[in-house]
Amino acid sequence: MKPYEIRTYQDSYEIYELIEHSTRSWFKIAPERGGIVISFGANGQELLYLDKATFDDPNANIRGGIPVLFPISGQLADGSYEWNGQRYRMKNHGVARVRPWRVESTDTTDGAAITLTLASDAETRESYPFDFELRFTYRLKGGQLTIEQEYRNGSAEPMPMYPGFHPYFVADRKALAYETDATKYFDYNDGMEKSYDGRVIDLDKLPESVVFLNAQRRDITFSPAERLIVRMTYGEPFKYVVLWSVSGKGFVCVEPWMAKTDELNRKQELVEVPPGGVHQTFLTISRMSV
């Protein structure tokens, strides 16, 4: 048996399943449905939550998996922003998660990998007036899933962005302590900045999100279910980690973002890709030994 395998099948959309046999690990991705990862398992255990009905419905926002957030993470006040004297409207979390991505290549020489691309078009420019190309390689190796990201700017001016990811992790508990060196978080439920010393945060009691503010390390570890410890590591641009859930639903979202919500209106921490330039970073998700 070969160490890695890639296969495709139809389930409302074309699904690519990438498998690493030695670690009993896999992930499944739907390129045409926003390039979303809908399943990731390691050592035989599923890490992700998916509301399948929202995936199957082409008009629904998918609740589950790992949605891609670009060019913004979160919401915009009144759903709009101003740029160079013109006002644009953009839906929550940007344009990438609702667009079909193209499969550029697959590979089994260095793990099981698939590269997807998404390019700007007339429809994206109505919300985001920049020529961009995203090139993401999803790689399964050693039981870890890494998303290697390239954000290319084909415009003649700097391209502002603050991408992120929105992983939904399967959870049988919401009151969790997070291993992070952040000492503060902002609570959108009461608008207060609070200190954090490793205490439990109970997302089942918080309808709105909270966000860790001042972490120096780019990693976070937590245990959302019995015998499941998740560790995420990510590139320097991901300054913030947002926590969110819905009461009564079996998931917690732990989301690396490059800036806080509504940054395209504040314009204080925007990541700017120079004309003709490319911005590279990564996100790795691992299941830790119990």
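The values are calculated or read from the model by the stated rules, or taken from the named source; none is laboratory data. Computed from a predicted structure; not experimentally measured. Ligands, DNA and RNA are stripped out before the accessible areas are found, and what is left, the full protein with its side chains, is counted by its heavy atoms. Shrake-Rupley method; radii C 1.70, N 1.55, O 1.52, S 1.80 Å.
A few points about this structure:
- Solvent exposure of segment 70-124 amounts to 47 Å² per residue of accessible area, where only protein heavy atoms count and the probe is 1.4 Å.
- Between segment 166-233 and segment 53-95, the C-alpha centres lie 23 angstrom from each other.
- Prolate/oblate/rounded label for segment 145-207 (Cα gyration tensor, a/c 1.5): prolate
- With 10 Å bins from 0: P(r) over segment 65-116, alpha-carbon pairs, percent: 20, 36, 24, 14, 6
- Listed by chain and number, the lysines whose alpha-carbon sits under 30 Å from that of Lys194, ignoring those within fewer than 8 places in the same chain, are Lys91, Lys174, Lys184, Lys205, Lys239, Lys249, Lys260, Lys267.
- In this view, the solvent-accessible surface of Lys141, computed with a 1.4 Å probe and all protein chains in place, comes to about 100 Å².
- Fully extended contour minus Cα-Cα distance, from Gln75 to Arg102, at 0.36 nm per residue: 7.1 nm
- Shape of segment 30-113, Cα gyration tensor, a/c cut at 1.5: prolate
- Rounded percent of accessible protein surface that carbon and sulfur make up, the chain, 1.4 Å probe: 46 percent
- In the context of the full set of protein chains, residues of segment 153-290 present 42 Å² of accessible surface per residue (probe radius 1.4 Å, heavy atoms only).
- Only lysines eight or more places from Lys2 in sequence, or on another chain, were considered; those with a Cα closer than 22 Å are Lys28, Lys141.
- His93 sits with roughly 20 Å² accessible to a 1.4 Å probe, with DNA, RNA and ligands left out of the calculation.
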